[in-house]
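Comments concern the structure below.
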Amino acid sequence: MSRRSKQFGIAGAAVGVVAAGLATAFAVERVLVRRSISAPGDPHADEPFGDQPFDEEMTVTAADGTELHVEIVEPSVEGETKPTIVFVHGFALDMGTFYFQRQALTERGDHRLVFYDQPGHGKSSRLKSGDYDIAALGKSLAAVLDAAVPEGHIILVGHSMGGMTIMAFAEQYPEWFGNRVTGVVLMSTSAGLIDKTKLGIPSLVARASSPFFPLWGKAAHLGGSSIDRARVVSSDLAWLLTRRYGFGEPKPSPSLVTFVENMNSKTTVETLTKYLHTLYTHNRFPALSVLRGVPVLVIVGTRDYLTPVTHSEEILKHLPDAELVKVDNSGHVVMLEKADEVNAALLPFLDKIS
């Protein structure tokens, strides 16, 4: 047998081993997912996750040219005018992130609520060229505020990348704070430690995968649709990873995991890769000084692997008057996984500053 034939034989055997390993892995994943989803006692099994009612919707053109989908819920209770609450969601999610907060505040009916999908997420359009930038997201928030809240006081609520967006907005428009913006809520976010933690990925995996980060954008550009199709095929693995890195409880609600994974899966690989650089280079610690003029509430889950408690504690070093709430046994999507605890901190804070 020639040397070339031996090489092909070894390569073929290696491919066969990998294929067999993947087949086994996917089979195990499907069993685990089916067991998890079919497990009794899911407290959210009957929750109709999805679109929620609104009084008005609009499309706002962001600074980078994307068309932002905005939904507005008007107050149903007559009385004193209170600040409008604007919600800013995180990476690979959409406005559904605040499902339970929207539900609770709509039932109370004493605040005007504004929700929007960030560029490349949910029902908003994608960026036509170039990469996304946190600074541009701050300008996108400004565009939403100008269009949806032209007057009156505002309370900003941001989760993860949404919190970073608020920091970028503060950096660019400091005059809003203490004047128009009279309160800020930061959930599971960071002011600039992302590059050190690799988004919470275990250090060994981070070291092994970091050389490939620059290739992700090229892969998405050349074959993003193919990668998206592969994600559908490996949806069971995506579900398990969402459960592992999004939640803190060992057995979270399968319905909640599915809800979050559905938001993740609707965000294209092209969009995800276009955000990588800005997430890893995000540094808004100086911008936090702008927030000292308004009340700030910081909320984080004690088992958040993506933006750990240390990130929130670092924010408190720059904002010593801020209130920090740590939610036990919760992961990154704390406002979904522990909605009651988050609302128990959020609603009194809103009452206090409204």
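What spacing in nm lies between the two simple spin-label points modelled at residue 52 and residue 241, each 7 Å away from Cα in the Cβ direction? That separation, rounded to one decimal, is 2.8 nm. Determine ³J(HN,Hα), in whole Hz, for all residues of the stretch 255-261 in sequence, where each value follows from phi through the Karplus function 6.51 cos²θ - 1.76 cosθ + 1.60 and θ = phi - 60°; x replaces Gly and Pro. Rounded to whole hertz, the list is 5, 5, 4, 4, 4, 5, 5.
Placing a pseudo-label 7 Å from each Cα along the Cα-to-Cβ vector at residue 318 and residue 45 gives an inter-label distance of 4.5 nm.
Close amide H pairs (under 5 Å, H built 1.01 Å from N) link residue 185 with 156, 157, 158, 297, residues at least 5 positions away or on another chain.
To the nearest 20 Debye, how big is the dipole of the stretch 236-319 about its Cα centre, given +1 on the beta carbon of each Lys and Arg and -1 on that of each Asp and Glu? So the dipole magnitude of the stretch 236-319 works out to roughly 120 debye.
Residue order for 333, 325, fewest other beta carbons within 10 angstrom first, comes to 325, 333. Temperature 37 °C, viscosity 0.692 mPa s: under these conditions the Stokes-Einstein estimate for the stretch 282-327, based on its Kirkwood radius over C-alpha pairs, is 298 µm² per second. Residues whose amide H comes within less than 5 Å of that of residue 192, counting only those at least five positions distant or on another chain, are 284 (H built at 1.01 Å from N in the peptide plane). Computed from backbone phi, the HN-Hα couplings of the stretch 171-176 come to 5, 8, 10, x, 5, 6 Hz, rounded to whole numbers (Karplus: 6.51 cos²θ - 1.76 cosθ + 1.60, θ = phi - 60°; Gly and Pro given as x). With θ taken as phi - 60° and the Karplus curve 6.51 cos²θ - 1.76 cosθ + 1.60 applied, the whole-hertz 3J(HN,Hα) list for the stretch 110-125 is 9, 10, 7, 10, 10, 10, 8, 8, 5, x, x, 10, x, 8, 7, 7 Hz, x standing for glycine and proline. Scanning residues 5 or more positions from residue 61 or on other chains, those with amide H under 5 Å from its amide H are 68, with H placed 1.01 Å from N in the peptide plane.
Take the Cβ atoms of residue 292 and residue 326, set R0 to 30 Å, and the FRET efficiency comes out at 0.90.
Sort the following peptides by mean Cβ neighbour count (other Cβ atoms within 10 Å, averaged over residues), highest first: 159-168, 110-119.
Details: 159-168: 28.0, 110-119: 23.9.
Per-residue Cβ counts within 10 Å, averaged per peptide and sorted highest first, yield 159-168, 110-119.
Ordering 59, 273 from the fewest to the most neighbouring beta carbons within 10 Å gives 59, 273. For the stretch 39-354, the calculated P(r), taken from all Cα-Cα distances in 10 Å bins from zero up to the bin holding the longest distance, is 6, 28, 38, 23, 5, 0 percent.
Extension gain for the segment residue 61 to residue 251, taken as residue separation times 0.36 nm less the Cα-Cα distance, is 64.3 nm to one decimal.
When DSSP beta bridges are limited to those with both residues in the stretch 39-354, what percentage is antiparallel, rounded to the nearest 5? Write down the numbers at each step before the final one.
Details: 10 of 35 bridges.
Within the stretch 39-354, antiparallel bridges account for around 30 percent of the total.
Throughout, read-outs are computed from the coordinates displayed, never taken from laboratory work. Note that the coordinates shown come from a computational prediction; the quantities given were computed from them, not determined experimentally. Glycine gets a Cβ as well: all are built from the backbone with ideal geometry, and neighbour counts include every protein chain shown.
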